[in-house]
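Colleague: Structure below; questions to follow.
The values are calculated or read from the model by the stated rules, or taken from the named source; none is laboratory data. As the structure is a computational prediction, the values presented were derived from the model and not from experiment. Cβ coordinates were reconstructed from backbone atoms using ideal geometry, including for glycine residues, and neighbour counts include every protein chain displayed.
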Amino acid sequence: MDVIKVLIVEQDAGWQHTISDYLRKRSNIAVVSVVASREQALQLISFVDIDVAIIDVRLTPGNGTDGICTAAEMMNIKPVKVIMFTSCMERQTIIEAFKIGIVNCVDKSDLCELPEAIYDAYYDRSSIHRSVSCILREEFSRLSREEEKAILTKMELEILRYLHQGIKQSDIERCLNISRSTVKYHVHNILSKLKVPSSKQAVLLTRAKKWF
């Protein structure tokens with residue numbers, strides 16, 4: 001079995017010892033180095049053979065993205081697999097981490113999951129923490145909705161939003177200060193693009209899709 005070479009980037013001395021001691025119990029995981037900062041990690045990655053890097057999201061106190069920036073810079077230098085290690089599964093931080101190419105995110109309260117996450121990263125297997133998977137599914141769903149909504153113009157979306165609120169077309173013209181014929185023109189386009197026969201159906205369809 002391959003011995004997986006691991007780098008730990010963690011600023012807290014207690015966690016440094018906890019992670020490294022835990023991983024060293026595995027004969028097929030070799031902790032080649034433990035560093036506490038971005039600068040040390042970037043210096044090391046250039047000349048040390050690393051398979052997987054475990055990086056604390058919050059390398060700098062009060063800065064929730066320094067670990068992500070470090071991961072991005074490291075991956076630009078060398079194609080290393082990165083697992084973010086965090087004590088707080090913040091939605092936006094997780095999304096940003098996966099956007100830059102990390103392979104997994106493990107909560108510090110689930111240390112026992114770390115070895116398996118390392119194996120999965122090394123062997124290109126998919127194994128994402130349940131709470132992380134839920135966040136990513138929600139984000140993909142949101143992006144899908146935004147892509148669907150892009151078929152409508154800004155004015156069409158504004159009129160559809162009024163229709164969602166139960167406002168009649170005759171009142172929409174006053175709200176938007178446009179003519180009744182202009183409202184009808186945009187409603188016609190909305191129905192055509194959504195492929196529905198009526199404003200009510202347009203509202204029901206986009207409500208089901210959670211556009212608003």
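Colleague: Tell me which residues, restricted to segment 73-94, are crowded, with 17+ Cβ neighbours inside 10 Å and out of contact with any Lys or Arg (no Cβ under 7 Å at 6 or more places or on another chain). Full working, then the answer.
Modeller: Initial filter on segment 73-94 (crowded, with 17+ Cβ neighbours inside 10 Å): 74-75, 80-86, 89, 93-94.
Hits for segment 73-94 are MET74, MET75, VAL80, LYS81, VAL82, ILE83, MET84, MET89, THR93, ILE94.
Colleague: All but one of (1) among the basic types (Lys, Arg); (2) modelled with pLDDT of 85 or more; (3) closer than 30 Å to ASP21 by Cβ hold for ARG130; state the number of the condition that does not hold.
Modeller: (2)
Colleague: Give the residues of segment 86-120 that are in a helix (DSSP H, G or I) and either among the β-branched types (Val, Ile, Thr) or in contact (Cβ under 8 Å) with a residue 60 or more places away in the chain (or both), sorted by residue number.
Modeller: From segment 86-120, those in a helix (DSSP H, G or I) are 91-99, 108-120; that's our starting set.
Answer for segment 86-120, where residues must be in a helix (DSSP H, G or I) and either among the β-branched types (Val, Ile, Thr) or in contact (Cβ under 8 Å) with a residue 60 or more places away in the chain (or both): THR93, ILE94, ILE95, LYS108, LEU111, LEU114, PRO115, ILE118, TYR119.
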